[in-house]
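What follows is a set of notes on a single structure, which appears directly below.
The values are calculated or read from the model by the stated rules, or taken from the named source; none is laboratory data. Since this is a predicted model, take the numbers as computed values, not measurements. FYI the Cβ positions are ideal-geometry reconstructions off the backbone, even for glycines, and counts take in every protein chain you see.
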Amino acid sequence: MTVLIWAKRGLGFFVFTLLIGFVLWTSITARPWQLEFDWAARYGAAYVYLIAPLLAAAVSFDVGRRARPEMTLMGATARRGLMAFMAPALAALGWAVLAAVGGWGVMAAITTFSGGLAPRDPWIFVETLSSLAAAAAVGMLLGLLVEGILAVAVSAGAVLVAATVTSGHGANLFQVATSSGTLVGIERTPQRAIATVVCHLTLVAVAAACVAARQRAHPLSTPWLLTAAVAALVPVVTAMVWPYSASEYRPSGELQACVGSQVRVCGPSSAKPLLLMAATDLQQATTKLRPSGLPLPESFAIARGSAAERLPRDQTLLDLDSSQLVEGHLPSSTIASALATPRLCRGFYSSQEAPALIERVRVVSEWLTSAFADQSSPGPAPEVVVSSFAVLSQCPQK
Amino acid sequence: MSNQLLRVDALTHRYGRERGLDGVTFAIDSGVGALVGVNGAGKSTLLRILAGAQRPTSGSVSLAGLNPFGRDRADALSRVGLMPQTSDFPKNLTAHEVVASIAWFKGVSSRQAKTRAAEALARVGLEDRANSRMGQLSGGMARRVALAQAIVSEPDILLLDEPSTGLDPEQRRAMIALVRSLPATVVVFSSHVMEDVEDVAADVLILDAGRLIYENSLVQLQERGAAVSTQSAPGSRAEVGFLDVLSDSRGRARA
């Protein structure tokens, strides 16, 4: 009941308004991710870095400036006394969670109506919610311990500093690994997500324990409190100094799926809708270009990082992300680029060979693009195109 | 002893090296008891300990036979209500929200808390201001909200810390009338105002520097006070002070 009261009277609604505003602004103004929920959610999660300090400040204001001192005393005389402090924190957290969930709802609706990919990354939810919970916990604790309006500034500052200092380490406090590009073919590195979540949950637990210890109705002896605090901090410290060589994301270990008949496109099974769109467009393109005489590739694969280098010789790398699909279709430039690069040549990585190879790609690509644009059926490809394509098809693979 | 609703044995409390309470022992089985003493005598400390908000350094407290610092803490706390000395409740909450919240803290269900809060506010005459925010209430109204939250869980033992502090004479009279009408079995209230003590209390407890120096009926104290004031007999600072004030108060009343 008190949580609902504080939800109505506290500053949580202010946080909600800011957060939902940010999410809606993001979803309306920038939608390269409209076919991919995970990308949308990771892209939008940038707000956590900004909202977490505000949430901590709002909670510390409600706890420090409003709930004290009488509610402290009355809470200490009651069996549910801890709620005197936890209710404002839970209310503000509830608003923030509601905004986050609302944002995900908007993103889910957009991706669904666009025929995009469903959520597949569970860490985004856990990381976001744990970040918000930790920020609220810090606000609650500092609102209780720091006197006056200073608590608001200290809370916001502490969260902001922690987020900035830990950025790029094993665990990123009060922020979520974001992405400004597709997540098809890659996934969140679980160890890093776990480290972050463990840190957040530990902060919540330590804050709750300190609040309970501070409440004289539930006194904890100093040795017990010290032991508990040290035990709680061990996983935090461990997670923080975890020797990470892993990056934020790694190539997806997801099962591969292939779609299409004459032209096949393979990729992560969760991306089947995108694979099907690509396969349809590539098949139409290769059918139209058949008179050219070029032995165009008919088997493509979406792969990232080291997985791209391990593709079999008969598969062509398709560098595709959902933002390239316009109303469900690949633009002709993307199709031309894919067809003109049948292999991932080793020469692309050599400063001596790369310019010549790239020039051949340009020659083939330009001719293919003009052939698409031509309403009539294209004739045989010019000799320069045929010879360039032959070099690109037979080059040693990386 | 077992039927005594409120019992305190050898209660001692220290703030670092300072002694807040020193071996206080008393018992009340029913009625209104006044807790009297100069500032710093330990009145608020004693009331906070009785309410379970502060663990004493040593000694024991029994609320209806239950230990508020032991395993039966939850049950013990549900038997006692505390009106704090100040009324600095969250200014953004309405009077009803404050009282209902505290009822819920005390273990009352959400639905009952709302009903009881409305009843408690009506009892203190604030039914028409129940939906006013605390920041919009006058000092006297805020004190009545403080009283409402103390009685909202319908406790057997009611502890009132300076209930008439900060009130004008009219408000003070209204507050005293309220205190007299309270349904709790035991009411302990601290006060500096002798008229309040005379109007409400049957028994008086006098604290001086953390020690209980007097525990008896008001009538006996008044008789003794008359003797002290006329014979100038030696006594402790607080006792003499209190008795003098009491004597003065009676003199003013006669005049």
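Beta carbons closer than 7 Å, at least 6 apart along the sequence or on distinct chains, pair a first residue in segment A:345-363 that is at pLDDT 85 or above with a second that is in a strand (DSSP E or B) for A:CYS345/A:GLN397; A:ARG346/A:GLN397; A:LEU357/A:CYS345. Residues of segment B:120-134 include none that is at the interface with chain A (Cβ under 10 Å from one of its Cβ atoms) and among the acidic types (Asp, Glu). For A:PHE61, work out the one condition from (1) within 14 Å of chain B (Cβ to nearest Cβ); (2) surrounded by fewer than 24 Cβ atoms within 10 Å (Cβ to Cβ); (3) in a helix (DSSP H, G or I); (4) in contact with a Phe, Trp or Tyr (Cβ under 8 Å, 6 or more places away or on another chain) it doesn't fulfil. Only one criterion in (1) within 14 Å of chain B (Cβ to nearest Cβ); (2) surrounded by fewer than 24 Cβ atoms within 10 Å (Cβ to Cβ); (3) in a helix (DSSP H, G or I); (4) in contact with a Phe, Trp or Tyr (Cβ under 8 Å, 6 or more places away or on another chain) is unmet by A:PHE61, namely (4). Would you point out the residue of segment A:150-179, among those that are touching a residue at least 40 places away in the same chain (Cβ under 8 Å) and of a type in the set (Val, Ile, Thr), that is nearest to A:ILE124 (Cα to Cα)? The qualifying residue nearest to A:ILE124 (Cα to Cα) is A:VAL176.
If a residue must be part of a strand (DSSP E or B) and surrounded by fewer than 24 Cβ atoms within 10 Å (Cβ to Cβ), how many such residues does segment B:68-87 contain? The total comes to 0.
With respect to being of a type in the set (Ser, Thr, Tyr), buried (at least 19 other Cβ atoms within 10 Å of the Cβ) and within 12 Å of another protein chain (Cβ to nearest Cβ), B:SER153 fits the description. For segment A:94-110, state whether one or more residues are more than 14 Å from chain B (Cβ to nearest Cβ) and touching an Asp or Glu at 6+ places or on another chain (Cβ under 7 Å). No, segment A:94-110 has no match at all. For segment B:34-67, the candidate set comprises residues that are surrounded by fewer than 20 Cβ atoms within 10 Å (Cβ to Cβ) and of a type in the set (Val, Ile, Thr); within that set, the residue that is nearest to the other protein chains (Cβ to nearest Cβ) is B:THR57.
The rows are residues; the columns are (1) assigned to a strand (DSSP E or B); (2) surrounded by 22 or more Cβ atoms within 10 Å (Cβ to Cβ).
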| site | (1), (2) |
| --- | --- |
| B:PRO183 | no, no |
| B:VAL187 | yes, yes |
| B:GLU195 | no, no |
| B:ASP199 | no, no |
| B:ILE213 | yes, no |
| B:ASN216 | yes, no |
| B:VAL219 | no, no |
| B:GLU223 | no, no |
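Within segment B:96-115, the set of residues being within 21 Å of the chain's Cα centre (by Cα) and more than 10 Å from every other protein chain (Cβ to nearest Cβ) comprises B:VAL99 only.
Results for (1) assigned by TED's automatic domain parsing to the domain that holds B:GLY107; (2) in contact (Cβ under 8 Å) with a residue 40 or more places away in the chain, shown as yes or no for each residue.
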residue: B:SER132; (1), (2): yes, no
residue: B:GLY139; (1), (2): yes, yes
residue: B:PRO163; (1), (2): no, yes
residue: B:VAL193; (1), (2): no, no
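Among the listed residues A:LEU11, A:LEU73, A:LEU54, A:LEU24, identify the single one that is within 14 Å of chain B (Cβ to nearest Cβ) and closer than 26 Å to A:ASN172 by Cβ.
Working: A:LEU73 fails: closer than 26 Å to A:ASN172 by Cβ; A:LEU54 fails: within 14 Å of chain B (Cβ to nearest Cβ); A:LEU24 fails: within 14 Å of chain B (Cβ to nearest Cβ).
The unique qualifying residue is A:LEU11.
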